[in-house]
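All remarks here apply to the structure that follows.
The values are calculated or read from the model by the stated rules, or taken from the named source; none is laboratory data. Computed from a predicted model, the values in this text were never measured in an experiment. For neighbour counting, all protein chains shown are included, and Cβ atoms are generated from backbone atoms with ideal geometry for every residue, glycine included. Calculation scope for accessible area: heavy atoms of the full protein, side chains included, ligands and nucleic acids excluded. Shrake-Rupley method; radii C 1.70, N 1.55, O 1.52, S 1.80 Å.
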Amino acid sequence: MSTKIEHKIIDGIECKRCSTCKRWLPLNKFVKYKATLDGLNYQCKECTKQYRENNKERIKNRQKQYRKNNKEKIRAQNKRRYKQKQKLIKQKFGNKCFLCEKTLFKKKSDFRLHHVSYESYKKYPGSPMEWSVSTLKQLDENDFLLLCPSCHDLIHGFLNIERWKRPCGIKCVIEKLLKLKKNGKLNWHHGENK
């Protein structure tokens, strides 16, 4: 029995045989899977999707059982990933709030990454801690502001007020906040006016 997974060149394209449908398909029709020798799943994407649709309940029960039996392992993995993500964010954005310059990362969840535009939100929806490590590595520093929770709430407060007055983007809000800061009219650590 061969341990090597066979690939063929068909019409100048490297192909692999799906273990389920037995068709020879281009490598991009297979998802990545580290456990195999060639780094690709045995089943093609189409067959994998079909399997998942046909076995939703079985998969759900198996995942539930795994989580129940491996609570400590999962907790340790999550903790390790969280620290890794925090480290990446520090490397890209530093460890100070963009507005108040308060030192961050002293405790868990004392920081926020704020999308500076709707385009950056479409490109990276949701919260940074939900993103994969590879996504965090690709972030463009110009698409986000590193903020403490108070400044983040303050920006959202201003954005909500400005939406009712007139269209105002994040740059307009930051200019107003920095002007208030310069004039000493903000109590930054509570996010309230003096």
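Consider Ile59 against the criteria (1) over 24 Å from Met129 (Cβ atoms); (2) open to solvent by less than 80 Å² (accessible area, probe 1.4 Å); (3) touching a Phe, Trp or Tyr at 6+ places or on another chain (Cβ under 8 Å): it satisfies all of them except one. Which criterion is unmet?
(3)
Given the structure, is Lys29 closer than 30 Å to Glu130 by Cβ and among the charged types (D, E, K, R)?
When the stated conditions are applied, Lys29 passes them.
List pairs: first in segment 46-57 and closer than 20 Å to Pro26 by Cα, second open to solvent by less than 100 Å² (accessible area, probe 1.4 Å) and among the small types (Gly, Ala, Ser), Cβ under 9 Å, 6+ apart or cross-chain?
Listed by first residue and then by second, the contacts come to Cys47/Ser19.
Across segment 106-144, what is the number of residues that are open to solvent by 20 Å² or more (accessible area, probe 1.4 Å), outside any loop (DSSP other than H, G, I, E, B) and of a type in the set (A, V, I, L, M, F, W, C)?
Qualifying residue count, segment 106-144: 2.
Among Lys68, Lys87, Lys92, Lys83, which is the only one that is surrounded by 14 or more Cβ atoms within 10 Å (Cβ to Cβ), farther than 30 Å from Leu25 by Cβ and free of Cβ contacts under 8 Å to residues at least 60 places away in the same chain?
Lys92
Output the number of the condition that Ser19 fails; it satisfies all remaining conditions of (1) modelled with pLDDT of 95 or more; (2) more than 30 Å from Met129 (Cα to Cα); (3) polar (S, T, N, Q).
The number of the failed condition is (1).
Going by the conditions given, is Ser150 assigned to a helix (DSSP H, G or I) and among the small types (Gly, Ala, Ser)?
When the stated conditions are applied, Ser150 passes them.
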